[in-house]
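Peer 1: Below is one structure. I have some questions about it.
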Amino acid sequence: MMLFRLRRRRLRMLFLYVICSSLLIAVILRMRMKRSQTADQVRSEHKQPIAEEVVNNVTVPEVHHVVFLKVHKAASSTVMNIFMRFGISRNLSVMVPKELNVFSQSTHLHPDQFLHYSPDGKYDILCCHVIYRKTSMAPYFPPDTRYIGIVREPFQQFLSAFFYYKHLSYLKKIPGDNPVSTYLQDPLKFEPRHALYSYTNNRMSLDFGYPYREFNNIPRMHDYVDQLVSELHFVVVVEYFDESMLMLKQLLGWTLKDMLYIPRKYGSRSNTPTFTRQDRERHKQWARLDYILYERFLNIFLKTLRQKGKSFYEELKAFKNIRAQVEQFCTITNNKVLSIPGSVWNKKFSVSRNDCDLMQMNAIPLINLVRGRYIVA
C-alpha cells in the first residue's frame with residue numbers, strides 16, 4: 001500500500017513537471033514569435049518611405065505643359081536642354097522664336113515673336129529667353145501648365161554675365177586690370193542709359209519681370225517677390241542643382257533619364273581677378289533686388305530640402321552616380337550604347353550616341369531641330 005501511494009505521488013509530480021515544462025516552452029516560443037514579428041515590422045517601416053516615394057513617383061501623371069523662365073547666366077541653357085529634349089521625345093508642341101534662340105531680351109511675350117504652328121494656338125513647352133509676365137504667357141498654354149524659374153547666387157551670376165558680355169560697348173570701355181572692381185566703384189558711370197539693355201544691373205530681377213522703372217523701390221520688390229511665389233510652381237537653385245533636378249523630377253513625374261544633363265559651359269574664363277570683401281559689399285548695394293529675389297527663393301528651397309527624408313538623399317546619390325556615368329560615356333568613351341540597370345529609383349534604360357548628341361547640342365541647333373521637326377513650311 002505504501003509503495004502504491006509513493007508511485008502515485010511520483011506520477012503526479014511527473015505530470016506537473018510535464019505541464020510546467022510545456023507552459024514554459026509555449027511562453028518562450030510566443031516571446032520569440034513576438035520578437036520576430038516586431039523585427040519584421042521595424043524592417044518594413046524602415047523600407048516604407050522608399051517604397052512610398054517610388055509608388056508616388058510612378059503614379060504622378062507625367063506633366064507635359066511647362067513654362068521655364070530662362071534667366072541669363074544662371075545655368076539656364078542646361079535646364080533648357082532638358083526641357084527641349086523632353087519635348088522632342090514626347091512629340092510635344094514646343095514654342096520657338098521666329099529667329100535664333102530668344103523671343104526677346106527686353107519685352108514680355110508677344111505673338112509677333114514666335115512661330116505659330118499649333119492648330120489650336122496652344123503650346124506645351126516654353127523655355128527660351130523672354131521677360132516673364134504670366135498674363136502674357138498664359139493665353140498660349142493649358143491651365144495646368146507648371147511655371148518654373150531659376151536663380152543663382154547674385155555675385156556669381158553677375159561675374160558670369162560680366163565676363164560673358166564683356167564684348168559689349170558699355171563693359172568693353174572699362175579700364176584697368178580688374179574691370180569688375182572698377183565697375184563696382186561706380187556702376188552708373190558705365191551702365192547703359194536704359195536698364196533693359198544691361199546684363200549687369202539686377203538682371204535676374206529684370207528677367208523675372210520686375211519693372212525697371214521701379215528698380216529703386218525696394219518695398220515694391222518685396223511685394224513683387226510675394227507675387228512670384230504665388231505664381232511659380234518651383235524655382236531651381238543653381239547652387240543645389242542636382243537636388244533641384246530631383247525635386248523637379250518628382251514634381252513633373254518624369255523619369256530619371258529625362259533629367260540627365262551634361263553641363264553647359266559658355267564663356268568660361270581664365271585668370272579671373274580676385275575680389276575683395278568691399279567688392280562684394282558694393283555689389284550687394286548695387287544689386288539689392290537680385291539679392292532679395294535670390295534669398296527668398298533660396299530659403300523656400302532649403303525649407304523644402306530639410307523636409308526630405310533618407311530616401312531622397314539615396315535617390316540623389318544614385319542620380320549623381322548615373323549622371324556621371326552618362327557624362328563620361330558621352331564625352332570620353334566611343335561605345336555606342338550605355339545600359340543603365342533598373343533600380344528602386346528607375347527602370348532599366350539605355351543611352352545612345354543620339355542621346356549624347358542632344359545633351360551636348362547648343363541652343364540654336366537644338367531649336368532649329370525643333371523647327372524642322374514640328375513646323376511644316
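Peer 1: Before we move on, is Asn335 open to solvent by 50 Å² or more (accessible area, probe 1.4 Å), at pLDDT below 95 and within 21 Å of the chain's Cα centre (by Cα)?
Peer 2: Criteria not met by Asn335.
Peer 1: Select from the range 125-183 the residues that are closer than 19 Å to Leu232 by Cα and aromatic (Phe, Trp, Tyr) and list them in ascending order.
Peer 2: Scanning the range 125-183 gives Tyr132, Tyr140, Phe141, Tyr147.
Peer 1: Right, something else. From Gln105, Gln113, which residue is of a type in the set (S, T, N, Q) and open to solvent by 50 Å² or more (accessible area, probe 1.4 Å)?
Peer 2: Going through Gln105, Gln113 in turn, just one is of a type in the set (S, T, N, Q) and open to solvent by 50 Å² or more (accessible area, probe 1.4 Å): Gln105.
Peer 1: Working carefully through the options Phe319, Phe329, Phe312, find the one that is free of Cβ contacts under 8 Å to residues at least 40 places away in the same chain, open to solvent by less than 30 Å² (accessible area, probe 1.4 Å) and farther than 21 Å from His72 by Cβ.
Peer 2: Going through Phe319, Phe329, Phe312 in turn, the sole match is Phe329.
Peer 1: Still on this model: Limited to the range 88-123, what total is found for residues that are more than 16 Å from Thr145 (Cβ to Cβ) and basic (Lys, Arg)?
Peer 2: Qualifying residue count for the region: 1.
Peer 1: Only residues in the range 272-292 that are farther than 15 Å from Ser181 by Cβ count as the first member; pair them with residues that are open to solvent by 70 Å² or more (accessible area, probe 1.4 Å), Cβ under 8 angstrom, at least 6 apart or cross-chain, and list the lot.
Peer 2: Close Cβ pairs satisfying both conditions: Tyr291/Lys284; Ile292/His222.
Per-residue answers, yes or no, for (1) under 22 Å from Phe297 (Cβ atoms); (2) charged (D, E, K, R); (3) modelled with pLDDT of 95 or more:
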| position | (1), (2), (3) |
| --- | --- |
| His108 | yes, no, yes |
| His116 | no, no, no |
| Leu126 | yes, no, yes |
| Arg133 | yes, yes, yes |
| Pro139 | no, no, yes |
| Pro142 | no, no, yes |
| Arg152 | yes, yes, yes |
| Gln157 | yes, no, yes |
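Peer 1: Where in the range 278-377 are the helices (runs of 4 or more DSSP H), entirely inside, with at least 1 residues that are in contact with a strand residue (DSSP E or B) (Cβ under 9 Å, 6 or more places away or on another chain) and among the acidic types (Asp, Glu)?
Peer 2: Passing ranges, in order: 288-306, 353-360.
Peer 1: For a quick check of your reading of the model, give me the residue pairs whose first member lies in the range 205-218 and is assigned to a loop (DSSP other than H, G, I, E, B), whose second is open to solvent by 40 Å² or more (accessible area, probe 1.4 Å), with beta-carbon atoms closer than 6 Å and at least 6 apart or on different chains.
Peer 2: Partner pairs satisfying both residue conditions: Gly209/Arg133.
Peer 1: Something else: Taking the range 213-227 on its own, how many of its residues are open to solvent by 60 Å² or more (accessible area, probe 1.4 Å) and in contact with a helix residue (DSSP H, G or I) (Cβ under 7 Å, 6 or more places away or on another chain)?
Peer 2: The number of residues fulfilling the criteria is 2.
Peer 1: Can you pull out the residues in the range 186-204 that are assigned to a helix (DSSP H, G or I) and farther than 15 Å from Lys173 by Cβ?
Peer 2: Within the range 186-204, Ala195, Leu196, Arg203, Met204 meet the criteria.
Peer 1: Going by the conditions given, is Glu243 open to solvent by 60 Å² or more (accessible area, probe 1.4 Å), closer than 17 Å to Leu302 by Cβ, among the charged types (D, E, K, R) and in a helix (DSSP H, G or I)?
Peer 2: Judged against the criteria, Glu243 is not a match.
Peer 1: Let me ask something else about it. Residue under question is Ile125, and the condition is that it be in contact with a helix residue (DSSP H, G or I) (Cβ under 8 Å, 6 or more places away or on another chain), open to solvent by less than 10 Å² (accessible area, probe 1.4 Å), β-branched (Val, Ile, Thr) and within 20 Å of Pro365 (Cα to Cα); does it hold?
Peer 2: yes
Peer 1: Can you find, within the range 128-168, the residue that is surrounded by the most Cβ atoms within 10 Å (Cβ to Cβ) among those that are in a loop (DSSP other than H, G, I, E, B) and among the hydrophobic types (A, V, I, L, M, F, W, C)?
Peer 2: Among those that are in a loop (DSSP other than H, G, I, E, B) and among the hydrophobic types (A, V, I, L, M, F, W, C), it is Val130.
Peer 1: Okay, next question. Under 7 Å between Cβ atoms, at least 6 apart or on separate chains: pull out the pairs that start in the range 181-202 with a residue that is within 18 Å of Gln157 (Cβ to Cβ) and open to solvent by 20 Å² or more (accessible area, probe 1.4 Å) and end on any residue that is of a type in the set (A, V, I, L, M, F, W, C) and modelled with pLDDT of 95 or more.
Peer 2: From residues that are within 18 Å of Gln157 (Cβ to Cβ) and open to solvent by 20 Å² or more (accessible area, probe 1.4 Å), the pairs are Tyr199/Ala161.
Peer 1: With respect to Phe297, is the statement that it is within 17 Å of the chain's Cα centre (by Cα) and within 26 Å of Gly253 (Cα to Cα) true?
Peer 2: In short, yes.
The values are calculated or read from the model by the stated rules, or taken from the named source; none is laboratory data. Predicted, not measured: the structure shown is a model, and the values here were computed from it. Neighbour counts run over all protein chains shown; Cβ positions are idealised from the backbone, glycine included. Surface accessibility is based on the protein's heavy atoms, side chains included, excluding ligands, DNA and RNA. Shrake-Rupley method; radii C 1.70, N 1.55, O 1.52, S 1.80 Å.
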